[in-house]
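Some notes on the structure that comes next.
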Amino acid sequence: QVRLVESGGESVQAGHSLRLSCVASGRAFETYVMGWFRQAPGKEREFVAVDRRSDGGVKYADPVKGRCTFSRDNAKNTVYLQINSVEPEDTAVYYCAAALSGRVTSVPNGYYYWGRGTQVTVSS
């Protein structure tokens, strides 16, 4: 059983930066594939970023590429998502997810464990 808890979401003005955190319980965190997703009101959950792990790289969705940085601290069982120059279009509930299969994917169905999310609201 893996429990994920996100934090760091808040209401900010466009152009500001945010750092979201996700703490995971469970053993062998360093083996988990960790992803970030978001869901805006009335829209489907969409991929934001995933740790590719195999080469230490990160895959980002096009809308956030260049503005987001995904990082992880295995000693703290924590992953982070830094979002710079936020835009009103970034308004959403942000979720972290864990896949224990080792398969890196941007598809939500590929993740078994999910947090409850943290709300990000960006005003213009």
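The values are calculated or read from the model by the stated rules, or taken from the named source; none is laboratory data. Quick caveat: nothing in here was measured; it's all calculated off a predicted structure. Here the Cβ is made from the backbone with ideal geometry for all residues, glycine too, and neighbour counts use every protein chain on show. Ligands, DNA and RNA are stripped out before the accessible areas are found, and what is left, the full protein with its side chains, is counted by its heavy atoms. Shrake-Rupley method; radii C 1.70, N 1.55, O 1.52, S 1.80 Å.
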Between the residues 124, 66, 78, the Cα farthest towards the positive end of the dipole of the chain, that dipole coming from +1 and -1 charges on the beta-carbon of Lys, Arg, Asp and Glu, is from 78
In nanometres, the difference between 0.36 nm per residue of separation and the alpha-carbon distance of residue 82 and residue 101 is 4.3 nm
Expressed per residue, the solvent accessible area of the chain in Å² (1.4 Å probe) is about 54
Taking every DSSP bridge whose two residues both lie in the chain, the antiparallel percent to the nearest 5 is 90
The set of cysteines in the chain having no other cysteine's C-beta under 4.7 Å reads 68
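Using a 10 Å cut-off on Cβ atoms, rank the peptides 3-10, 61-68 from the highest mean neighbour count down.
Peptide ranking by packing, descending: 3-10, 61-68.
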Of all chymotrypsin sites (Phe, Trp or Tyr not before Pro) in the stretch 45-91, the ones in DSSP coil with at most 11 other Cβ atoms within 10 Å are none
For 95-106, 11-22, ranked highest to lowest by mean beta-carbon neighbours within 10 Å, the order is 95-106, 11-22
For the stretch 28-81, the percent of accessible surface on carbon and sulfur atoms (probe 1.4 angstrom, ligands and nucleic acids excluded) is 45
